[in-house]
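Here is the structure we will look at, set down as structure tokens.
The values are calculated or read from the model by the stated rules, or taken from the named source; none is laboratory data. Fair warning: this is a prediction, and the values are worked out from it, not measured in the lab. FYI the Cβ positions are ideal-geometry reconstructions off the backbone, even for glycines, and counts take in every protein chain you see.
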């Protein structure tokens with residue numbers, strides 16, 4: 001490969017086109033700044049690449065066809081305790097999902113492509129609980145955010161308007177300056193059954209979720225058709241993925257350029273504490289270099305620290321922006337527990353919206369005694385992939401022949417799943433570093449993930465296991481036939497914390513505007529800057545709000 005040095009024609013270079021990168025590109029391009037977005041993965045064509053009308057739809061997950069997909073490795077495999085066997089994943093038909101005596105490493109479910117992981121997310125559009133941003137002050141754990149909910153609130157509202165979020169009039173503990181732009185989706189029949197049961201038997205609230213999924217036509221996009229396949233990619237544009245909501249209007253300004261299949265392979269630093277250039281491989285595999293008056297990294301909580309740690313020079317011998325030694329530290333992951341059963345009624349859960357209903361009763365970080373950190377519980381059948389006949393046949397209906405056929409007719413559409421997601425707290429044995437034995441095709445070390453389920457997380461999983469079963473029982477399900485958790489599997493969608501934001505340069509990587517404390521033209525806008533994870537809320541809306549706030553700050557600098 002040859003390197004072709006090019007002079008920058010851009011005011012801002014953004015690496016990554018997911019929630020942080022896409023929202024940053026839109027906010028800056030609409031203000032007239034010349035923006036270049038470098039994306040390692042491809043530009044998908046939804047109508048072509050997400051073929052949900054084909055007979056084989058259920059056999060296919062999101063079509064991750066990235067030209068360049070960074071691999072990662074894992075550290076130690078945590079031993080599993082016999083006394084925790086009830087937390088392990090199993091199904092009635094297949095038995096114990098992980099047969100080993102140690103935790104299995106599955107995947108970090110990160111999409112390389114224009115739009116990032118929002119291409120396959122389920123559309124959760126959540127604001128953090130205000131007290132989740134003050135975990136250290138309130139409980140002496142994690143870290144406080146260096147900004148308040150009130151400071152972020154206008155940017156939450158702006159992001160919701162751009163995306164077209166459908167939501168209820170209010171959500172507990174989250175003050176609003178204006179209503180959601182679209183009304184909430186009506187509850188599915190399954191969610192109505194859950195709501196009636198838990199309100200009567202458990203005294204819980206069960207309400208419509210706030211979703212980046214259109215409940216009515218909005219800005220030229222159609223309303224949702226309730227196919228339940230958000231995770232496989234939305235071919236119609238009713239889901240508010242970043243390619244549709246931020247990237248497309250950014251390109252329409254004429255001030256934004258997006259280069260797909262263009263992974264960044266090297267960051268070049270110079271004097272005066274500035275990042276001077278980015279080297280990347282173009283779509284033809286040739287290396288090019290672009291100058292960076294301002295650089296925004298938005299690659300996620302694993303890839304962003306990888307790039308920073310791999311950038312070592314006399315100016316930054318321990319890695320770029322790593323003067324505090326915290327790049328890669330404070331890694332927080334998805335804390336998750338789901339329980340599934342068969343309802344005696346036909347619920348028609350083979351369609352609808354993933355997570356159309358939710359309970360915020362335990363979301364405040366002090367809601368559960370002696371268990372600091374929040375939780376939320378939601379209808380989850382589509383996200384467990386119990387929406388097609390193949391999964392019913394393999395996971396829920398034992399046997400073969402006529403008996404199996406009869407069982408399928410009896411149970412199809414009856415599956416009901418409840419998921420709990422909860423606070424993830426940093427601890428020293430969960431972190432991201434470089435693998436000193438493995439490199440990618442361009443010679444850069446890959447990321448190595450260290451993940452430990454600690455005692456507080458185990459306690460949280462116990463609580464979520466109990467509560468998901470209580471909710472199922474109150475809804476009319478008498479037997480749990482499948483469960484899954486992150487106790488015996490690492491399978492993360494939401495990851496946080498590896499470039500923590502804060503006021504103290506010795507205790508954080510970036511400041512309240514997501515700007516490096518030292519490198520004055522370097523900004524990081526993704527989940528890696530989160531000082532705390534929140535109580536299970538989907539992070540994309542918060543990332544987008546942070547991106548809009550950071551873009552406003554950058555514009556003021558110009």
(message) Need a quick list: strands (runs of 3 or more DSSP E) entirely within segment 419-485 having at least 3 residues that are farther than 30 Å from residue 136 by Cβ.
(response) 431-439, 480-485
(message) Can you find, within segment 476-499, the residue that is modelled with the highest pLDDT among those that are out of contact with any strand residue (DSSP E or B) (no Cβ under 7 Å at 6 or more places or on another chain) and within 25 Å of residue 397 (Cα to Cα)?
(response) 476
(request) Give segment 264-287 a look and list any residue that's part of a loop (DSSP other than H, G, I, E, B) and at pLDDT 95 or above, or say none. (result) 273
(message) Condition (residue is surrounded by 12 or more Cβ atoms within 10 Å (Cβ to Cβ), out of contact with any strand residue (DSSP E or B) (no Cβ under 7 Å at 6 or more places or on another chain), part of a loop (DSSP other than H, G, I, E, B) and at negative phi) applied to segment 96-108: is it met by at least one residue?
(response) no
(request) Could you please let me know if residue 159 is modelled with pLDDT of 95 or more, assigned to a helix (DSSP H, G or I) and within 30 Å of residue 58 (Cα to Cα)? (result) no
(request) Go through (1) out of contact with any strand residue (DSSP E or B) (no Cβ under 7 Å at 6 or more places or on another chain); (2) in a loop (DSSP other than H, G, I, E, B) and name the single condition residue 391 misses. (result) (2)
(message) Quick check on segment 343-358: of everything there that is outside any loop (DSSP other than H, G, I, E, B) and touching a strand residue (DSSP E or B) at 6+ places or on another chain (Cβ under 6 Å), which residue is nearest to residue 215 (Cα to Cα)?
(response) 357
(request) Return the only residue of 446, 418, 432 being over 30 Å from residue 351 (Cβ atoms) and surrounded by 22 or more Cβ atoms within 10 Å (Cβ to Cβ). (result) 432
(request) Please find, within segment 514-525, the residue that is surrounded by the most Cβ atoms within 10 Å (Cβ to Cβ) out of those that are under 21 Å from the mean Cα position of the chain (by Cα) and in a loop (DSSP other than H, G, I, E, B). (result) 525
(message) Of everything in segment 289-320, what is more than 23 Å from residue 508 (Cα to Cα) and surrounded by fewer than 20 Cβ atoms within 10 Å (Cβ to Cβ)? Give them in sequence order.
(response) 289, 291, 293
(request) Looking only at segment 123-142, count how many residues are surrounded by fewer than 24 Cβ atoms within 10 Å (Cβ to Cβ), in a loop (DSSP other than H, G, I, E, B) and either touching a strand residue (DSSP E or B) at 6+ places or on another chain (Cβ under 6 Å) or at negative phi (or both). (result) 1
(request) Could you identify the single residue in 430, 359 that is more than 19 Å from the chain's Cα centre (by Cα) and at pLDDT 95 or above? (result) 359
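Yes/no per residue for (1) more than 21 Å from the chain's Cα centre (by Cα); (2) over 30 Å from residue 16 (Cα atoms):
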residue: 292; (1), (2): yes, no
residue: 302; (1), (2): no, no
residue: 315; (1), (2): yes, no
residue: 318; (1), (2): yes, no
residue: 330; (1), (2): no, no
residue: 342; (1), (2): yes, yes
residue: 351; (1), (2): yes, yes
(message) Given the criterion modelled with pLDDT of 95 or more, part of a loop (DSSP other than H, G, I, E, B), out of contact with any helix residue (DSSP H, G or I) (no Cβ under 9 Å at 6 or more places or on another chain) and surrounded by fewer than 22 Cβ atoms within 10 Å (Cβ to Cβ), identify the matching residue among 179, 172.
(response) 179
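Out of all the residues in segment 80-89, is one or more closer than 24 Å to residue 232 by Cα, assigned to a loop (DSSP other than H, G, I, E, B), in contact with a helix residue (DSSP H, G or I) (Cβ under 6 Å, 6 or more places away or on another chain) and at pLDDT 90 or above?
No, segment 80-89 has no match at all.
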(request) Of all residues in segment 77-98, count the ones that are within 24 Å of residue 61 (Cα to Cα) and without any contact (Cβ under 8 Å) to a residue 12 or more places away in the chain. (result) 2
(request) Would you point out which residue out of 111, 93 is surrounded by fewer than 22 Cβ atoms within 10 Å (Cβ to Cβ) and either closer than 19 Å to residue 425 by Cα or modelled with pLDDT under 95 (or both)? (result) 93
(request) For segment 288-320, enumerate the residues that are part of a strand (DSSP E or B) and either more than 26 Å from residue 493 (Cα to Cα) or free of Cβ contacts under 8 Å to residues at least 24 places away in the same chain (or both). (result) 288, 289, 290, 291, 313, 316
(message) When you check residue 337 against the structure, is it more than 19 Å from residue 143 (Cα to Cα), at pLDDT 95 or above, crowded, with 21+ Cβ neighbours inside 10 Å and in contact with a strand residue (DSSP E or B) (Cβ under 7 Å, 6 or more places away or on another chain), yes or no?
(response) yes
(request) Can you confirm whether segment 541-551 contains a residue that is crowded, with 24+ Cβ neighbours inside 10 Å, within 21 Å of residue 432 (Cα to Cα) and either within 19 Å of the chain's Cα centre (by Cα) or touching a residue at least 24 places away in the same chain (Cβ under 8 Å) (or both)? (result) yes
(request) Return yes when residue 528 is surrounded by 24 or more Cβ atoms within 10 Å (Cβ to Cβ) and either farther than 21 Å from residue 15 by Cβ or free of Cβ contacts under 8 Å to residues at least 24 places away in the same chain (or both) and no when it is not. (result) no
(request) Looking for whichever is within 29 Å of residue 304 (Cα to Cα) and either modelled with pLDDT of 95 or more or in a loop (DSSP other than H, G, I, E, B) (or both) here; the options are 366, 323. Which one fits? (result) 323
(request) Kindly provide the set of residues from segment 1-39 that are in a loop (DSSP other than H, G, I, E, B) and modelled with pLDDT under 95, ordered by number. (result) 1, 2, 6, 7, 8, 9
